[in-house]
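One structure below.
The values are calculated or read from the model by the stated rules, or taken from the named source; none is laboratory data. Since we're looking at a predicted model, the values are computed, not measured. For neighbour counting, all protein chains shown are included, and Cβ atoms are generated from backbone atoms with ideal geometry for every residue, glycine included.
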Amino acid sequence: MEELRQEIWEMPILDSHEHIGSIPSTGGAAGIPGFNEDVYPGFEPGPTTIFDLILSPYLGGLLNSLGFKMPMTHTRDTAGQQEQLWKALIPFLNKARGTGLYMALDKAFDGLYGASLGDILNGSRDWKALSRAVEYNYQRGLYKWSGEIFKRLKIQYAIKPVHLPYIGAMGKQDNNDSYILEQNLFLPVFRVDDLLGYPDQASICGWKHLTGLMDIEVHEIRDLDDMVSKAFIMLKENNIRAIKQLQAYTRPLRFKKVERDRAASALKRTLGNGDPMSKIEVQDYIMGLILERANKTKLPFQVHSGMANLPDSNPVLLRDSIERYPEVNFILLHCYPYLSEAAFLARSYRNVYLDTAWLALQSPALLYKALDEWIGFVPYSKICLSGDATSVEECYGAMEMTREALSCVLHNKIRKGELDRELAFMIARSLLHDNAAALYAAG
Ligand SMILES: [Zn+2]
């Protein structure tokens, strides 16, 4: 077991899904749901403390679900406000102990800063000293700091979903030192959500965020066709190798084939009175345009599944799309609680892959369960590993838990006589690196 674990700790990683920089100090982007990090190349967050890491969308969300509310001041600018916030957080962080999200930061603080979350919660180490160390590392630059951590973790690249304005600006960053560092660490993939329209106050489907970027205003069906063609030209010009979507959390994953005429009248209704059924038809039409192009250019497609909006995020709902676009490799992210359904799809269809994104951060046991079930049923060339973390510290914890779970699962299978040592090593190398390298042609 020790030998296997050591080997796995030495293997390079191609981390197939990360959201590093999605923390409060980065700030939300204007007009697009998401963080500035995914909209502007090389974006550096403002002053960052442990509170930005603890109050990330994930762990912060978990603490909120336990009843945590930001203290009255709503800021943490002064030492007094920070003290008040820390005191307010202690009971909630204690309740979050044992969850994957807690463990990730606990491990990262311990490994990177020499004081775990447990140490500062029980008062044996000073939380202020840890927070100052975090602040210092972020001041030096997120990408510099990420590069140092990636080197320790042996992460060659991480795949990062970005919005269209990011892609449009990629070619104009000659003097952006942060972007030069970012480029060596992250491989951008396009979030097609931008094309499916965001809700805004004027209409149900909104594309205003693209007006400046593409010179498009959506009034009729031709505008949607133009919008998708222009976006794919941008992808080609900037050598974007994959697409990604978040639709599972706002609508059912079943995308039906909608003819152009039908979509044209649905668009009219959508822009007119905002009828929700028409919006789904318009989105289905746009997704058809996107997937036709992805099919022609063989772009892989990362799709969120499970975790929220059940049962509409069940990956089984993608079956029609999987069959209709055989040249698109569908990579199913998360999958929980549909681990078995996802595995069955990956086992049945040549163009379906699995990605453990977010599982370690939910609970190492979920990741263990997925790997234990998938390896042996799904060919190992179809499984990728990733953290789906909001901060580079969370990524550190997620990758530690991932390596640990992989070591345990493979060790168990060797012990039971299901795998020999050599095959176990090959499976580890494939899951950690080679499968993602082949899928995203990332070397
Ligand atoms: Zn994601």
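Observations
- Filtering Glu394, Glu327 for residues that are surrounded by fewer than 17 Cβ atoms within 10 Å (Cβ to Cβ) and out of contact with any His (no Cβ under 7 Å at 6 or more places or on another chain) leaves a single hit, Glu327.
- Checking every residue in region 405-428 against the condition of being within 16 Å of the ligand (Cβ to nearest atom) and under 20 Å from the mean Cα position of the chain (by Cα) gives zero matches.
- Residue within region 145-167 that is among the polar types (S, T, N, Q) and within 25 Å of the chain's Cα centre (by Cα) present: yes
- Answer residue from region 353-398, given it is within 16 Å of the ligand (Cβ to nearest atom) and among the hydroxyl-bearing types (Ser, Thr, Tyr) and is farthest from Asn314 (Cα to Cα) among those: Ser391
- Subset of region 7-33 (residues that are more than 16 Å from the ligand (Cβ to nearest atom) and assigned to a loop (DSSP other than H, G, I, E, B)): Met11, Pro12, Gly27, Ala30, Gly31
- Selected residue (only one of Tyr368, Tyr325 is under 30 Å from Ile54 (Cβ atoms), of a type in the set (Phe, Trp, Tyr) and at pLDDT 95 or above): Tyr368
- Of residues in region 34-60 being of a type in the set (Phe, Trp, Tyr) and not in a strand (DSSP E or B), the one farthest from Tyr353 (Cα to Cα): Phe51
- Of all residues in region 256-280, those satisfying the criterion of being buried (at least 21 other Cβ atoms within 10 Å of the Cβ) and either outside the structural domain of Leu317 (by TED's automatic domain parsing) or touching a Lys or Arg at 6+ places or on another chain (Cβ under 9 Å) (or both) are Ala266, Thr270, Ser278, Lys279.
- Of the residues making up region 186-198, one or more are of a type in the set (D, E, K, R), under 13 Å from Ile286 (Cα atoms) and surrounded by 16 or more Cβ atoms within 10 Å (Cβ to Cβ).
- Within region 277-329, the set of residues being farther than 30 Å from Leu361 by Cβ and acidic (Asp, Glu) comprises Glu281, Asp284, Glu292, Asp320, Glu323, Glu327.
- When residues of region 237-255 are limited to those that are part of a helix (DSSP H, G or I) and surrounded by fewer than 19 Cβ atoms within 10 Å (Cβ to Cβ), the one farthest from the ligand (Cβ to nearest atom): Glu237
- Hits in region 371-420 (condition: aliphatic (A, V, I, L, M) and farther than 30 Å from Tyr138 by Cα): Leu371, Ile375, Val378, Ile383, Leu406, Val409, Leu410, Ile414, Leu419
- Tyr58 being crowded, with 19+ Cβ neighbours inside 10 Å and either outside the structural domain of Glu135 (by TED's automatic domain parsing) or over 28 Å from Met170 (Cβ atoms) (or both): no
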